[in-house]
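These notes are about the structure you will find just below.
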Amino acid sequence: MRPFLAHPFDDDKLKEECGVFGVIGVPDAANFVALGLHALQHRGQEAGGIVAYDPKDGFNNVRRFGYIRDNFTKPDVMQMLPGPLAIGHVRYSTAGSKGNTAIRDVQPFFGEFAMGGAAIAHNGNLTNAAQLRRDLIERGAIFQSSSDSECIIHLMARSIQKSIPERMKDALRAVEGAFSVIAMTRTKLIGVRDPLGVRPLVLGKVGEDGYALSSETCGLDIIGAEFLREVEPGEMVVISKGKVETSRPFGPAKSRFCIFEQVYFSRPDSILGGRSVYETRRQIGVELAREAPVEADLVCPVPDSGTPAAIGFAAESGIPFGMGIIRNQYMGRTFIEPTEQIRNMGVRLKLNVNRALIKGKRVILVDDSVVRGTTSRKIKDMILDAGAAEVHFRIASPPTAWPCFYGVDTPEREKLLAATMSEDEMRDWIGVDSLKFVSLDGLYRAAGEAGGRDAKCPQYCDACFSGDYPVAPSDQIAKGFAMKAAE
């Protein structure tokens, strides 16, 4: 079966690798996990999997290509996943087979150890995975998938520790990069974040004795769980018998949470760092209006990710907000195998211009990012074809000029428009009257850092904008550093 994406023609956005979700202490936990993964579907649409444990039936797992709603809402499937403990994963491939996924690459992964079975699900990317895989294979490990996450299972198998949580600590001390990991044994639900806290993970309470772990708070909301707190960078939580134990397996490090979670990846109704994602994105629009004002008649978002910033831009500038572009909400499977004629329609399959509103107007288009720039050109053409007098782009992130190695599917650097062109050259290439990006300091201010970015010790991971990678060079990152040194 050929996997598909939510928007098959939009290769001009950065894609999150995945989302993770786990529940313990409730009957039929897999049903809660399916709901949580549905709320996290924006983090990965390629495939999903759930592992559940029941004292009578042991461990069971189901892995499927496609959306959660198409696979994990069927009674016959969910009956295969009984028990009070389950974890799940939604995937968009970065490491591994990158869009050519085999079912063996779909998480969670399961391993049988001397002290019992364990399953893990991983959000992020291990930057030393290639070296780890080589070393493990030389020592006799037999890999079943192409995913870097499987390295964790093999490292756990080689640990001499007496419990699975301790073996996880051993394994995760050996890896580099970004990881938010959830795991389960027969009796425990475990959550860990890497020392820098690059990827998110939150803890919630379900009913009297149940707990949940989720990539985002929106996953807790859908099952009616109470948000307790974020799992802190470098923290491991072990949940069993209605209690939460916490430890710090790693040395101290300064948090470098991914700032692109604020810009694009996370759902706007989630909470990150105690702050509403929606409010941060709205404030980015305010900063953009202050930094890059322009005379115009209409502020129009590129839906849906540009909408909060466009609202903020309109409020700050006093220019009316309008839905000049309407998004088709029903893309789904219809055009998995389009004809060439349909493929050439490109972005029109999911976006259509509100001609009555656009005609004769000077339009400010607000989008979250520019990656390759191809979609921006198509949208500009659509707006001009609808009779707009002028088109001005305002981008709610700084120029994306560097690839990400921490769990985001980023094109090679030479394919990033901002890596090869100045802002003025990008404006001319896209063909708009003006093009402005929010500054890095403006982005930090919008995220709650009143003094902007601390250049000596950045508060976030912003490597895709700055080239300042927070993890020492290893595997692919070494190539990125070499490219930067050569400039």
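The values are calculated or read from the model by the stated rules, or taken from the named source; none is laboratory data. Note that the structure is predicted; figures quoted are calculated from it, not measured. Backbone-built Cβ (ideal geometry, glycine too); neighbour counts: all protein chains shown. Only protein heavy atoms, including side chains, enter the accessible area calculation; ligands, DNA and RNA are left aside. Shrake-Rupley method; radii C 1.70, N 1.55, O 1.52, S 1.80 Å.
Among the residues of region 157-180, those identified as open to solvent by less than 20 Å² (accessible area, probe 1.4 Å) and either within 22 Å of C18 (Cα to Cα) or among the polar types (S, T, N, Q) (or both) are S159, M168, A171, L172, V175, G177, A178, F179, S180.
Across region 175-214, the qualifying residues are those that are among the β-branched types (V, I, T) and not in a strand (DSSP E or B), and the one among them that is farthest from G242 (Cα to Cα) is V175.
Once region 374-409 is narrowed to residues that are among the hydroxyl-bearing types (S, T, Y) and buried (at least 21 other Cβ atoms within 10 Å of the Cβ), the residue that is nearest to K359 (Cα to Cα) is S376. Among the conditions (1) among the aliphatic types (A, V, I, L, M); (2) free of Cβ contacts under 8 Å to residues at least 60 places away in the same chain; (3) open to solvent by less than 10 Å² (accessible area, probe 1.4 Å), the only one that V371 does not satisfy is (2).
When you look at G204, is it modelled with pLDDT of 95 or more and of a type outside the set (D, E, K, R), yes or no? Steps first, answer last, please.
Details: modelled with pLDDT of 95 or more: yes; of a type outside the set (D, E, K, R): yes.
Yes.
Criterion applied to T127, T73 was being open to solvent by less than 10 Å² (accessible area, probe 1.4 Å), modelled with pLDDT under 95 and among the polar types (S, T, N, Q), and the one residue passing it is T127. Being closer than 24 Å to G124 by Cα, small (G, A, S) and more than 20 Å from the chain's Cα centre (by Cα) holds for only one residue in A39, A34, A52, A47, and it is A52. Anything in region 130-151 that is in contact (Cβ under 8 Å) with a residue 40 or more places away in the chain, part of a helix (DSSP H, G or I) and open to solvent by less than 50 Å² (accessible area, probe 1.4 Å)? List them, or say none. Within region 130-151, A130, L132, E150 meet the criteria. When the criteria are applied in full, K436 meets the requirement of being farther than 29 Å from S180 by Cα and open to solvent by 10 Å² or more (accessible area, probe 1.4 Å).
All of (1) open to solvent by less than 70 Å² (accessible area, probe 1.4 Å); (2) among the hydrophobic types (A, V, I, L, M, F, W, C); (3) at pLDDT 95 or above hold for F335 with one exception: (3).
Looking at G99, G44, which one is in contact with a Cys (Cβ under 7 Å, 6 or more places away or on another chain), modelled with pLDDT under 95, closer than 30 Å to S266 by Cα and not aromatic (F, W, Y)? Break it down into steps so the answer makes sense when it comes.
Numbers: G99 fails: in contact with a Cys (Cβ under 7 Å, 6 or more places away or on another chain).
Testing whether each residue is in contact with a Cys (Cβ under 7 Å, 6 or more places away or on another chain), modelled with pLDDT under 95, closer than 30 Å to S266 by Cα and not aromatic (F, W, Y) leaves just G44.
Considering region 35-59 alone, what residues qualify as being within 21 Å of V206 (Cα to Cα) and open to solvent by less than 10 Å² (accessible area, probe 1.4 Å)? Residues satisfying the conditions are G36, L37, A39, L40, I50, V51, A52.
Among the residues of region 187-204, are any open to solvent by 50 Å² or more (accessible area, probe 1.4 Å) and either more than 21 Å from C461 (Cβ to Cβ) or acidic (D, E) (or both)? So far as region 187-204 goes, yes, one or more of its residues are open to solvent by 50 Å² or more (accessible area, probe 1.4 Å) and either more than 21 Å from C461 (Cβ to Cβ) or acidic (D, E) (or both).
Output yes when any residue across region 60-70 is farther than 20 Å from K205 by Cα, in a loop (DSSP other than H, G, I, E, B) and touching a Cys at 6+ places or on another chain (Cβ under 7 Å), and no when none is. Within region 60-70 (the criterion being farther than 20 Å from K205 by Cα, in a loop (DSSP other than H, G, I, E, B) and touching a Cys at 6+ places or on another chain (Cβ under 7 Å)), the answer is no, since none of the residues qualifies.
Would you confirm whether any residue within region 375-385 is part of a loop (DSSP other than H, G, I, E, B) and not aliphatic (A, V, I, L, M)? No, region 375-385 contains no residue that is part of a loop (DSSP other than H, G, I, E, B) and not aliphatic (A, V, I, L, M).
Pick out the one residue from R248, R229, R256 that is touching a Cys at 6+ places or on another chain (Cβ under 8 Å) and either under 21 Å from P84 (Cα atoms) or open to solvent by 10 Å² or more (accessible area, probe 1.4 Å) (or both). Quick ask: steps written out before the conclusion?
Working: R248 fails: touching a Cys at 6+ places or on another chain (Cβ under 8 Å); R229 fails: touching a Cys at 6+ places or on another chain (Cβ under 8 Å).
Only one candidate qualifies: R256.
Filtered by the rule that a residue be small (G, A, S) and touching a helix residue (DSSP H, G or I) at 6+ places or on another chain (Cβ under 9 Å), region 123-174 gives A129, A130, A141, S145, S146, S147, S149, A157, S159, A171, A174. Would you confirm, using the coordinates I've provided, whether D424 is touching a His at 6+ places or on another chain (Cβ under 9 Å), open to solvent by 80 Å² or more (accessible area, probe 1.4 Å) and closer than 15 Å to I395 by Cα? No, not satisfied.
Contact map, region 193-221: residues that are at negative phi and polar (S, T, N, Q) paired with residues that are surrounded by fewer than 22 Cβ atoms within 10 Å (Cβ to Cβ) and part of a strand (DSSP E or B), Cβ distance under 6 Å, separation 6+ or inter-chain. Pairs shown: T217/F227; T217/I271.
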